[in-house]
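Written below as structure tokens is the structure these notes are about.
The values are calculated or read from the model by the stated rules, or taken from the named source; none is laboratory data. Here the structure is a predicted model, which means the values were calculated and not measured. Every residue, glycine among them, receives a Cβ derived from its backbone with ideal geometry; neighbour counts consider all protein chains shown. Side chains are part of the model used for accessible areas, which takes the heavy atoms of the whole protein and leaves out ligands, DNA and RNA. Shrake-Rupley method; radii C 1.70, N 1.55, O 1.52, S 1.80 Å.
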Amino acid sequence: MATHGGGGEYKDLVVFLAAAGVIVPLFNRLKISPVLGFLAAGVLLGPDGLARFADTAPWLSWLTISDATQIRSLSELGVAFLLFMIGLELSWERLRAMRKMVFGLGLTQVAVCTVALASVFVFMGQPLVSAAVLGMGLALSSTAVVMPVMAERGRIKTTAGRATFSILLAQDVVVAPILVTVTALAALAQSGVGGGDFDPAVLRPALLTLIPAAVGLALLIVLGRLVLRPMFRSVARAKATGQGQEMFIAASLLVVVGAGVAAQAAGLSMSLGALVAGLLLAETEFRREVEISIEPFKGLLLGVFFVGVGISLDLDAVAADPVAVFGLAAMLTLLKAGLIFGVARLWGLNNRTAIETALVLGPAGEFAFVILGAGLVEGIAAPAFTQTVLMAATISIFTIPLMALIADRLLKQAVPAVPDLPAEAMEPPSATSGQVLIVGYGRVGRLVGEMLTEHGQAFLAIDANPTTVAMGRKEGANVFYGDAGRTEMLEKCGIDTARAVVVTMDAPAKVDEVVVATRSLRPDLILIARARDHKHAARLYALGVTDAVPETTEASLQLAENTLIDLGVPMGLVLASIHERRDRFRKIFQEAMPGSDAVRSPRALRSTLRR
């Protein structure tokens, strides 16, 4: 670095920032994951890319990254920031609710994949201890790549997203025990395991390393609960006076980096410490502001991580034996995906969730480099074969966005949409005569159902969101999963004997679809639908609804009513004028109904509404 002269020590950082400024907008415009762009930039700008031509074209040294170690050091911070952001979206209560998935599904996946992969490596001629290290390292997946890819596709809050995160969280938890196990295996190898002269005392130092890890984690949690809220409260007071924006950002960075360093000092991973800090802050009122403050740093540092992964790919070694490297990468990914699918089905996940989870977690992860590197240091991993495995692991990480895309295509074409719900929620709805059918059981639908129940009116609700259905059933509501835009589902819900249908969804196109399907079966039924605005209300009346309730109009009337009453206008006069204005709007909208004598143009409707 010194050969570059003044400022040369920052050259690699400038190259990275320049690449990020070009890659992210370009890949976003092409609708390609920026993750792939950063990975490709690492390969292109690294020592095995354009930098190899720097001897013949010295100017290339200023456009490439020459110090891969510097980039990799920064990349660890990127992983920590990612885990911190994930922790902010959780809470200890939610994590406790996920314990079955984390410590059941997650730990089962690690154990099964470790044993299976180690067996394969033994079959390939590796010693048992070396095979065990390789199996443990490759059983883990890439949190740093998988979670951004899932977030980019909007899959974090789905059942597959929760299952994926649970497995990744379990993998992060076992990193420290695995490293201890590697040390123990080295002790076993040095003491001549299998030769009859094994001394158990050699394991004691390795096992004792678990004690500071447990103590450190406990201290991190206790100190976090005691310190974080008062610290951010003090910073927030300073910010309120206009002096604390920089202090808030600094405090957020301090929490992430400080928790990570503390976890490392206790023998845990930096990312696990950052996750704990995020979990602690998720319980405070400052979580959203912290999230906004940290977001830019997380994105840049994760980009550094992906560039570092690309740099680590030795193109010369790959070219020397491409069949072995790519074959090993394919074997690793497919075997892990198959095993994860089986484990997911064993723990009760449906086919859709199991397939998506298995495909994105099939490739190797960043912790493979940590664990296999420890194996090399301890002298229990064959250097030549381990380097080949590391190259295969790097290539498999490149395939994660592709695996996510394959999962999307595969699920759309081959697997019916069946959510994870209690069995009774998937049974045909048990409709009774005279019920009100509520389509959509979100916040609006739930309130409608509560009001109907309060006045002694029975209802049956249907929703296409499995999470909403599961929550409703947990509360004891008569709600079922299904698509009310299909006439078959409406018939199952007792449309023939229903007294009314209330459509509460906030998706205008889907509301129209349900209205059309309902009217095709029951032209005489009371049909009330939620409208986005006056244009949508007019369209719904044209489709034949009994009443359309536009959100913007009702919100305006409610605001006007509250304002007039608070200003001292008599309530009776206010309510009368509000009802008169509501009736006027309804009359305007109903003129769009089939058979109306005076159907107005959209321009005329807008003009009348403004008056």
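In square angstrom, what is the accessible area per residue of segment 478-549 with a 1.4 angstrom probe? Please list the in-between numbers first.
Working: 2980 Å² over 72 residues.
It amounts to 41 Å² per residue over segment 478-549.
Using the per-residue mean of other Cβ atoms lying within 10 Å as a proxy for protection, in what order, highest first, do the peptides 222-229, 362-369, 495-502 fall? Walk me through the intermediate numbers first.
Values: 222-229: 14.6, 362-369: 25.1, 495-502: 18.5.
Listed from highest to lowest mean packing, they are 362-369, 495-502, 222-229.
What is the extension gain from residue 567 to residue 18, computed as 0.36 nm multiplied by their sequence separation minus the C-alpha to C-alpha distance, in nm to one decimal? Before the final figure, lay out each step's value.
Working: separation 549, 0.36 × 549 = 197.64 nm, distance 5.77 nm.
Extending this stretch completely gives an extra 191.9 nm.
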**Request:** Name the residues whose placed amide hydrogens come within less than 5 Å of the amide hydrogen of residue 526, ignoring near sequence neighbours (fewer than 5 apart) on the same chain.
**Result:** 501
**Message:** Between residue 560 and residue 119, what is 0.36 nm times their sequence separation minus the Cα-Cα distance? Round to one decimal in nm.
**Reply:** 151.5 nm
**Binned Cα-Cα distance frequencies in segment 300-341 - 5 Å width, integer %** = 5, 19, 15, 18, 19, 18, 6
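Counting only protein heavy atoms and using a 1.4 Å probe, what share of the accessible area of segment 320-416 belongs to carbon plus sulfur, as a whole percent? Intermediate values should be presented prior to the final figure.
On the way: 2710 of 3890 Å².
The value for segment 320-416 is 70 percent carbon and sulfur by accessible area.
Considering only protein heavy atoms, with the full assembly of protein chains and a 1.4 angstrom probe, order 36, 559 by accessible area, largest first.
On the way: 36 55, 559 120 Å².
Heavy-atom accessible area, descending, gives 559, 36.
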**Inter-label distance, nm, simple model (7 Å from Cα along the C-beta direction), residue 551/residue 499** = 2.9
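Please give the FRET efficiency for residue 215 paired with residue 60, using the beta carbon to beta carbon distance and R0 = 51 Å, rounded to the nearest 0.05. Intermediate values should be presented prior to the final figure.
On the way: r = 50 Å, r/R0 = 0.98.
Plugging the Cβ-Cβ distance into 1/(1 + (r/R0)^6) gives 0.50.
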**Message:** Please report, in whole Å³, the volume per residue of the convex hull around the C-alpha atoms of segment 444-535.
**Reply:** 104
**Asked** Which stretch or stretches of segment 523-557 have amide N atoms under 20 Å from the point lying 7 Å from residue 455's Cα along the Cα→Cβ direction?
**Response** 525-531, 545-551, 554-555
